[in-house]
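The values are calculated or read from the model by the stated rules, or taken from the named source; none is laboratory data. No experiment lies behind these values; they were computed from the predicted model shown. With ideal geometry, Cβ positions are generated from the backbone for all residues, glycine too; neighbour counts draw on all protein chains shown. Side chains are part of the model used for accessible areas, which takes the heavy atoms of the whole protein and leaves out ligands, DNA and RNA. Shrake-Rupley method; radii C 1.70, N 1.55, O 1.52, S 1.80 Å.
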Amino acid sequence: MKHVVLTRKAVLFVLLVCLATFLANSKLEHIDNRFLNMWDLIFDMLYHPYYQLFLFLLFFLFVLSDICDDRPITLYVLLRLNKKSTWLLSKIFLILLISTLYTLVYLCIITLISLLLYGYSIHWSPGSSNLYHGELIGHIQPVTGFILLAIRYVLSIWFLSILYLFVYASADGYRIVKAVSVTVMLLVINHLFAYRFFVSYAPFLYIHNGYLVTLRLNENGFQSAMVLNAAAVSPIVLMLLVLWMRKSKLEFGGS
């Protein structure tokens, strides 16, 4: 925890999120501030098709490499423990804990800056219909939409983290390269392929925040959104089960 949290990467992450939030706010200047509120900036950050994949998730890959990368001493630690299960449990626990904290920091920074700039509100602003998230107005309240996005952010980073660990622990060489390649490929696929493709053929690989479009496209939009979240949970559970069943065959100690 100390090695991961108290680093320059953590400080850089906070600075990048603050900078990105202020830049997103500057893009809203074409609309009079009197017609905007906190939700416009929050959804402009959280519902944006690029920020989630290429700021939030992509940056976390650098954190994952610190968590998963074994130092040479790991071999000696495993000899003393005589249990690979202890190593695996510690990795899983730390990854899920750090990724959750990472998500909370991200959401809190964006929400706090939005509150400071616009004050508190529980309704959509009059200018929301002219923005990217305007398609959600009339289908969901902003607080509920924020909760759905928060759930998606947590699930997406858990998915990415466990996938990284799965590839890293299963590979027999060039582990970091293979783990990074697979996870980046997943992000690119989520960016390139449309919502309808994933819903029809691979909902279990769909971690994009654009899933909220289901609120507009489906009569029971909230239920459909939760089904897509459940679909994202299933591969996480499957990968954890496979890792646990294969723990005796996993390779450790060197990248």
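What does the helix-only formula give at 222 nm for the chain: each DSSP H stretch with n ≥ 4 adding -39500 (n - 2.57), the total divided by the residues, and the result rounded to the nearest 500 deg cm²/dmol?
That calculation yields -22000 deg cm²/dmol at 222 nm.
Across the chain, how many lysine pairs, 8 or more positions apart or on different chains, have C-alpha atoms separated by under 30 Å? Please give the number.
The number of close lysine pairs in the chain is 22.
Compute the signed sum of charges (Lys and Arg +1, Asp and Glu -1) over the other residues within less than 15 Å, Cβ to Cβ, of E29.
My count for the surroundings of E29 gives -1.
Can you give the accessible area per residue of the chain, in Å², using a 1.4 Å probe?
Solvent-accessible surface per residue comes out at 51 Å².
Give me the percent of the accessible area of the chain that comes from carbon and sulfur atoms, probe 1.4 Å, all protein chains in place.
Roughly 69 percent, rounded to a whole number.
Can you pull a Stokes-Einstein diffusion coefficient for region 112-206 at 4 °C (1.567 mPa s), Rh from Kirkwood over Cα pairs, as a whole number of µm²/s?
In µm²/s, the coefficient is 79.
Roughly how big is region 159-255's charge dipole about its Cα centre, with Cβ charges of +1 (Lys, Arg) and -1 (Asp, Glu), in debye to the nearest 20?
140 debye
Please give, to one decimal in nm, the separation of the simple spin-label points placed at Y50 and F62, each 7 Å out from Cα toward the Cβ.
Spacing of the two 7 Å Cα→Cβ label points: 1.8 nm.
So, how do all the Cα-to-Cα distances of the chain break down into 10 Å bins, in percent, from 0 on up?
Reading upward from the zero bin: 7, 29, 32, 21, 9, 3, 0.
Rounded to the nearest 0.05, what FRET efficiency do V105 and V143 have when you use their Cβ-Cβ distance and R0 = 22 Å?
Efficiency, rounded to the nearest 0.05: 0.60.
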